[in-house]
Amino acid sequence: MRRSGLFAIVVFMAVAFFSCRSERSMIKAPIKEAGPDYLLSQLDEHELKFDSFKAKFSIHYAKGSKKSSFKGNIRIKRDSLIWMSIAPILGIEMARILITPDSVKVIDRQHKSYFVEDFTYVNRFLNNALDFDMLQAFLLGNDFSFYEKANWKVNIDGGLYRLATDNRRKLKKYVKQNQISEIPIQKTWLDPRTFKIKKVMIKEIRDSKNRKLTAEYDNFYVIGKQLFPLHAQYNVKTNDNIDVILDYSKVALNDDLKYPFRISSKYQRVRIAE
């Protein structure tokens, strides 16, 4: 019994060793054969493709000692607008949000008010530089669509492909006046089996201050023969530390959606302090 038990342990260890080595070889092969171009093409091929997106969501938000939780509905018209309806966990709608590449509009039901700001409000809120394309990508676990795909370096990190680049520039035809045009540092981690993004990080180095936004994705679900992450965690590191946990449910693609956003004439417009 002792001999057979020892033999079984040795066999198990040998199988585990060679399986791990085989898996490492499988992961390394695309890098040796085709380099980052192959991984980027696979990333594009496996990203979530849609004209419209809708889902229910729940969010847990923490900034320092302040914490809150709420739920809502989100609808996205690709590259055009992000619409959200937000409510407390057990309450009726308290806010409605409409984000476009140029603006952010919010209706506050509780205080019978509204505000309209340009897109830079999102950057002030997060203390980080984003544009609409990047925000849409972070919400869905996609790569940034309108940025250059050159000058990537690839290695293996924790069983994932890691792609890294500096000064990733936005394509000129998508750059608008007073809009950011490059990402100083970006790293993206891909699952070697699905080529879906598991983690992405962008980092700014400005005035001796490092700003970093990280997103991690999990609980992938098949929707319309595509994989989509139902769970996402975001962390913003700057003067304040912001953590967001986002969970999706009832996801649907390419439905004929409406994006109702009517501001009552009885509501008062408010200004957001800098």
Of all residues in the stretch 58-83 being at pLDDT below 95 and either touching a helix residue (DSSP H, G or I) at 6+ places or on another chain (Cβ under 6 Å) or among the hydrophobic types (A, V, I, L, M, F, W, C) (or both), which is farthest from residue 253 (Cα to Cα)?
-> 62
Consider residue 246 carefully, then state whether it is touching a Ser or Thr at 6+ places or on another chain (Cβ under 9 Å), surrounded by 15 or more Cβ atoms within 10 Å (Cβ to Cβ), farther than 23 Å from residue 122 by Cβ and aliphatic (A, V, I, L, M).
-> no
Please go through the stretch 112-151 and pick out each residue that is at pLDDT 90 or above, part of a loop (DSSP other than H, G, I, E, B) and either under 21 Å from residue 63 (Cα atoms) or not small (Gly, Ala, Ser) (or both).
-> 112, 142, 143, 144
Candidate set from the stretch 63-89 (those that are touching a strand residue (DSSP E or B) at 6+ places or on another chain (Cβ under 9 Å) and loosely packed, with under 15 Cβ neighbours inside 10 Å); member that is farthest from residue 262 (Cα to Cα) | 64
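The values are calculated or read from the model by the stated rules, or taken from the named source; none is laboratory data. The model shown is predicted, which means the values in this text are computed figures rather than measured ones. So basically every Cβ, Gly included, is an ideal-geometry build from the backbone, and we count neighbours across all protein chains shown.
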